[in-house]
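Engineer: Okay, here's the structure, questions in a sec.
Laboratory data are not the source of any read-out in this text; all were calculated from the coordinates shown. Source: prediction; values computed, not measured. Every residue, glycine as well, gets a Cβ built from its backbone with ideal geometry; the counts of neighbours run over all protein chains shown.
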Amino acid sequence: MKTIFLKLLLIINLLFIFSCKAQTTTDYINFYNNVVPKLNSIIPNKTQFYGQNFSNFSNELQNKNINIVMLGYDYKTDHDTKFQVLNIFFSDFNMWNIATENSYRFPRIKITFENEIPNQIRDLVAQYEGEWNPTFEQFFANMKIEKIEFIGVKGYNVEDWSE
């Protein structure tokens, strides 16, 4: 699990290097301070989405004006061989670069599904370079949520990654 996450971070960091749009730490802090209160408003009611289709949770994000920008997938545990975890991110590569350079937290949601994510996720992520789009929205729409974790929402410079 950590290996995939580290590989994802490496790829994202490489993409940052080739990014041409300059943004500042102020831009990142403004982004963080805009999206995290919206995410925090969902946390108290997250369990209402357990056992529900992802589309219900996605609609809640959209209702709160929270846009998914990127995604990653992972195993439920280090010993699993099936993908069951969807990580969703709300910032683009430029913002990730700022966060990484300053050791800031980047907010994300980790969604564990009841069943395996179909293996075609690998090809889709490669095809769309991990950028969220309607294809992913439809791909995950009917998958049942087992658990939702909000990560990096305690402050952009707080080392505690827990909810």
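Engineer: Can you tell me the length gained on complete extension of the stretch Val69 to Glu159, counting 0.36 nm per residue apart and subtracting the Cα distance?
Structural biologist: The span from Val69 to Glu159 would gain 30.1 nm if fully extended.
Engineer: Order the peptides 84-96, 103-115 from the highest to the lowest mean number of other Cβ atoms within 10 Å of their residues.
Structural biologist: Averaged packing, sorted descending, gives the order 84-96, 103-115.
Engineer: Give me the one-decimal nm value for the distance between modelled label points at Lys144 and Lys110, 7 Å along each residue's Cα-to-Cβ direction.
Structural biologist: Inter-label distance under the simple model: 2.3 nm.
Engineer: In Å and on Cα atoms, what radius of gyration and Dmax does segment 2-151 show?
Structural biologist: In Å, with Rg to one decimal and Dmax whole: 15.2, 42.
Engineer: Also, quick follow-up: What distance in nm separates the simple spin-label points at Thr81 and Thr25, each placed 7 Å from Cα in the Cβ direction?
Structural biologist: A separation of 4.7 nm, rounded to one decimal place.
Engineer: How do the peptides 70-77, 123-130 rank, highest first, by the average count of neighbouring beta carbon atoms within 10 Å per residue?
Structural biologist: Result, highest mean first: 70-77, 123-130.
Engineer: Pairs of lysine in segment 2-151 with Cα under 18 Å and at least 8 positions apart or on different chains: total?
Structural biologist: Lysine pairs meeting the criterion: 22.
Engineer: With contacts defined as alpha carbon pairs under 8 Å and 6 or more residues apart, what's the relative contact order of segment 2-151 in percent?
Structural biologist: 30 percent.
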